[in-house]
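What follows is a single structure, and I will ask about it in a moment.
The values are calculated or read from the model by the stated rules, or taken from the named source; none is laboratory data. Just so it is clear, the model here is predicted, and its values are computed rather than measured. Here the Cβ positions follow ideal geometry from the backbone for every residue, glycine too, while neighbour counts run over all protein chains shown. Areas reflect the complete protein model, heavy atoms only, side chains present, ligands, DNA and RNA absent. Shrake-Rupley method; radii C 1.70, N 1.55, O 1.52, S 1.80 Å.
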Amino acid sequence: METREQAIVKDDRDQASMDDVDRDLINLMQSGFPMESRPYEVIGDQLGISEDEVLERVSRLKSIGVIRRIGANVNPRSIGYTSTLCAAHVPADQIEDFVEEVNRHPGVTHNYERDHHYNVWFTFIAPSEEFIRRSLDEISRRTGIEDVLNMPAVRVYKIRAEFKL
């Protein structure tokens, strides 16, 4: 896990290495990814560049950490799953190992560090609340971190998290 300072420096460096086409590409892909057999060709047509150039740019943006993942966002309840927000109190010298263990679990969508008593937060999506409880117990057992909050979603508020560049 990066420190806040490392992330800020990296973000500044990555922003500087992006051109207007990269920014337009990211803006297009965030919420309007084409559901076509050749989506990168469609994106290229919209940007006035070739499919190959789109693929090269996406690859480069992934390699420098601007793009973390490309995939669908699914409402867990619509497919019979449940979700929870978790927060853990992790000593600074154990954060890296804790996060590594958390990330081993395929239902973890993302995690982040906060300046708070509960300093590592993550979301977990799974087939059942019992599955999540067992997974959190396993994380605690493997890491020795027992102060982990499990805060299942009671009401879902979906906001559009889109970052225009």
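Using a 1.4 Å probe on the protein chains only, how many percent of the accessible area of the chain belongs to carbon and sulfur? Before the final figure, lay out the partial values.
On the way: 5420 of 11140 Å².
Looking at the chain in its full context, I get 49 percent from C and S.
Counting only heavy atoms of protein chains, what accessible area per residue, in Å², does region 9-106 have with a probe of 1.4 Å?
Here the residues of region 9-106 average 63 Å² of exposed surface.
So if I place +1 on the C-beta of Lys and Arg and -1 on the C-beta of Asp and Glu, and nothing else carries charge, what would the dipole magnitude of the chain be about its Cα centre? I want it in debye, nearest 20.
With only Lys, Arg, Asp and Glu charged at Cβ, the dipole is about 680 debye.
If r is the Cβ-Cβ distance from residue 72 to residue 38 and R0 is 25 Å, what FRET efficiency results, to the nearest 0.05?
So the FRET efficiency works out to roughly 0.90.
If exposed means no more than 10 neighbouring beta carbons inside 10 Å and the site is in a DSSP loop, what's the longest run of the chain without any exposed chymotrypsin sites (Phe, Trp or Tyr not before Pro)? Before the final figure, lay out each step's value.
Numbers: sites that count: 157, 163.
That gives 1-156 as the longest site-free run.
Run a plain Debye calculation on the chain (Cα atoms as equal point scatterers, no solvent) and give log10 I(q)/I(0) at q = 0.10 Å⁻¹, rounded to two decimals, same order as the q list.
-0.50
Counting other Cβ atoms within 10 Å of each Cβ, which GluC sites (Glu not before Pro) in region 90-154 have at most 14 and sit in a DSSP loop? Could you put the intermediate results ahead of the total?
On the way: sites: 96, 100, 101, 113, 129, 130, 138, 146; in loops: 146.
Taking region 90-154 and a limit of 14 other Cβ atoms within 10 Å, the loop GluC sites (Glu not before Pro) found are 146.
May I ask you to derive the relative contact order of the chain, considering only C-alpha pairs under 8 Å and at least 6 residues apart, and to give it as an integer percent?
23 percent
For region 107-142, list residues with backbone N below 11 Å from a point placed 7 Å from the Cα of residue 150 toward its Cβ?
128-140
To the nearest Å, what is the center-to-center distance of region 87-165 and region 26-53, using C-alpha atoms only?
33 Å
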